[in-house]
Amino acid sequence: MTPLHITHHDTATGPTLYVTGELDYAQAPFLRDRVDRLVLRPDQCLTLDLSGLGYCDSSGITALLAARQHTLAAGAGIALAAVPATLRRILALVGLDQVFTLRPGAEPSPDAGCGV
């Protein structure tokens, strides 16, 4: 098991959390807590960079949905960046690729939206 590691970086559009390791039943509460402590403004976009994510189970997906709920409550948006192929496939299978804004990389392009 690879422990979950989350680093925070502030950008012009909002905070980016780099999530590495395994997002599973044991680790998902750490992501939820980290996101819950973020204070977001309505004009911001929270980006979760998942390029270092090795594994994500249903608890991890629930944590991603909780992060989305947190951003919506603040009037902000959320984007998942650099989503690993396996997780991208799962998100597509359950229709969450229509719920989340998915980006190929962490840096938004000028026309990239942020799901609100």
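If you check Arg89, Arg68 for being at pLDDT 95 or above, basic (Lys, Arg) and touching a Gly at 6+ places or on another chain (Cβ under 8 Å), only one passes: Arg68.
Looking at the structure I just gave you, is Leu40 in a helix (DSSP H, G or I), in contact with a helix residue (DSSP H, G or I) (Cβ under 7 Å, 6 or more places away or on another chain) and in contact (Cβ under 8 Å) with a residue 24 or more places away in the chain?
Details: in a helix (DSSP H, G or I): no; in contact with a helix residue (DSSP H, G or I) (Cβ under 7 Å, 6 or more places away or on another chain): yes; in contact (Cβ under 8 Å) with a residue 24 or more places away in the chain: yes.
No; evaluated as a whole, the condition is false for this residue.
Against the test of being part of a strand (DSSP E or B) and either among the basic types (Lys, Arg) or buried (at least 22 other Cβ atoms within 10 Å of the Cβ) (or both), the options Leu102, Leu64, Leu80 yield a single qualifying residue, Leu80.
From the residues in the range 1-59 that are among the small types (Gly, Ala, Ser) and either in contact with a Pro (Cβ under 6 Å, 6 or more places away or on another chain) or within 25 Å of Ile90 (Cα to Cα) (or both), which one is surrounded by the most Cβ atoms within 10 Å (Cβ to Cβ)? I'd like the intermediate steps shown before the answer.
Narrowing the range 1-59 to residues among the small types (Gly, Ala, Ser): 12, 14, 21, 26, 28, 51-52, 54, 58-59.
Among the residues that remain, those that are also either in contact with a Pro (Cβ under 6 Å, 6 or more places away or on another chain) or within 25 Å of Ile90 (Cα to Cα) (or both) are: 21, 26, 28, 51-52, 54, 58-59.
On the way: Gly21: 17, Ala26: 13, Ala28: 22, Ser51: 13, Gly52: 15, Gly54: 16, Ser58: 12, Ser59: 16.
It comes out as Ala28.
The values are calculated or read from the model by the stated rules, or taken from the named source; none is laboratory data. Because the structure is a prediction, the values reported are computed rather than measured. Note that we place each Cβ from the backbone using ideal geometry, even for glycine, and neighbour counts take in every protein chain shown.
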